[in-house]
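This report concerns only the one structure given below.
The values are calculated or read from the model by the stated rules, or taken from the named source; none is laboratory data. Remember, it's a predicted structure, so these values are computed and weren't measured experimentally. FYI the Cβ positions are ideal-geometry reconstructions off the backbone, even for glycines, and counts take in every protein chain you see. In case anyone asks, the SASA skips ligands and DNA or RNA and just uses the protein heavy atoms, side chains included. Shrake-Rupley method; radii C 1.70, N 1.55, O 1.52, S 1.80 Å.
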Amino acid sequence: MRPDAIARLTTLRSGSQPNLVWLRIETADGATGLGETYGSAEAVEAYVHATAAPYLLGQRATDIERHWWTLYEAWGPSGIGVESRALSMIDVGLWDLLARRLDVPMVDLWGGAVRSSVPAYN
C-alpha cells in the first residue's frame, strides 16, 4: 500500500453531543486528518462505513477533488441529507490531512484568508 493511501476511517462521537460526528482519516504512513458534521449521526456513520469506506480505502488521500466528485455523483437524485453531511465531513478531513502533511494552515490551501476576524454568534 502506498504511504499516502487511506488506510483507516474512524468515526467518533461524544455522549454529551450525540448528533456531532467526527471522522478521523488515517493514511498508511500514519498521517491523520479530522472532519466533522452535525445531525443524523447514526445514519452518517452508516453511510461512511458502508458506502464511502469501500471506495476510499486504498485511494490516495491527496486526490481530494476526485473523491468529492466520485462520492457526489454516486448519490443519485435523492442524495441530499446524510450523504451531503458525510461528504462534507470527508472533504474537510482530507483537506485537514493535506494541511497537516504540508505543515500549512488549511485556509492557505483554500486560497487564503479574506477577513482578519469572524464574529461569533453563540
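Might you check whether a residue that is within 17 Å of G30 (Cα to Cα) and in a loop (DSSP other than H, G, I, E, B) occurs anywhere in the range 67-86? No, the range 67-86 has no match at all.
Across the range 4-32, which residue is nearest to D96 (Cα to Cα) among those that are in a loop (DSSP other than H, G, I, E, B) and open to solvent by 30 Å² or more (accessible area, probe 1.4 Å)? Restricting to residues being in a loop (DSSP other than H, G, I, E, B) and open to solvent by 30 Å² or more (accessible area, probe 1.4 Å), the top hit is G30. Scanning the range 57-85 for residues that are at pLDDT 95 or above and either basic (K, R) or farther than 25 Å from M1 by Cα (or both) yields a count of 2.
Has the range 98-111 got at least one residue that is of a type in the set (K, R), under 13 Å from the mean Cα position of the chain (by Cα), part of a helix (DSSP H, G or I) and surrounded by 11 or more Cβ atoms within 10 Å (Cβ to Cβ)? Within the range 98-111, none of the residues are of a type in the set (K, R), under 13 Å from the mean Cα position of the chain (by Cα), part of a helix (DSSP H, G or I) and surrounded by 11 or more Cβ atoms within 10 Å (Cβ to Cβ). Remark: pairs (first residue in the range 37-58, under 9 Å from A86 (Cα atoms); second residue polar (S, T, N, Q) and in a helix (DSSP H, G or I); Cβ separation under 6 Å; 6+ apart in sequence or on different chains) = T37/S88. Evaluating M1 against the criteria (1) in a strand (DSSP E or B); (2) touching a strand residue (DSSP E or B) at 6+ places or on another chain (Cβ under 9 Å) leaves one unmet condition, (1). The selection criterion, being touching a residue at least 60 places away in the same chain (Cβ under 8 Å), open to solvent by less than 20 Å² (accessible area, probe 1.4 Å), within 21 Å of L109 (Cα to Cα) and not charged (D, E, K, R), does not hold for I64.
Being part of a strand (DSSP E or B), out of contact with any Leu (no Cβ under 6 Å at 6 or more places or on another chain) and either among the basic types (K, R) or open to solvent by less than 30 Å² (accessible area, probe 1.4 Å) (or both) is the filter here, so list the residues in the range 33-52 that pass it.
T37
Taking the condition open to solvent by 50 Å² or more (accessible area, probe 1.4 Å), within 14 Å of T11 (Cα to Cα) and without any contact (Cβ under 8 Å) to a residue 24 or more places away in the chain, does A74 pass? So A74 does not fit the description; no. Could we say that I90 is in contact with a helix residue (DSSP H, G or I) (Cβ under 7 Å, 6 or more places away or on another chain), in a strand (DSSP E or B) and closer than 11 Å to L9 by Cβ here? Considered against the rule, which asks whether it is in contact with a helix residue (DSSP H, G or I) (Cβ under 7 Å, 6 or more places away or on another chain), in a strand (DSSP E or B) and closer than 11 Å to L9 by Cβ, I90 comes out as no.
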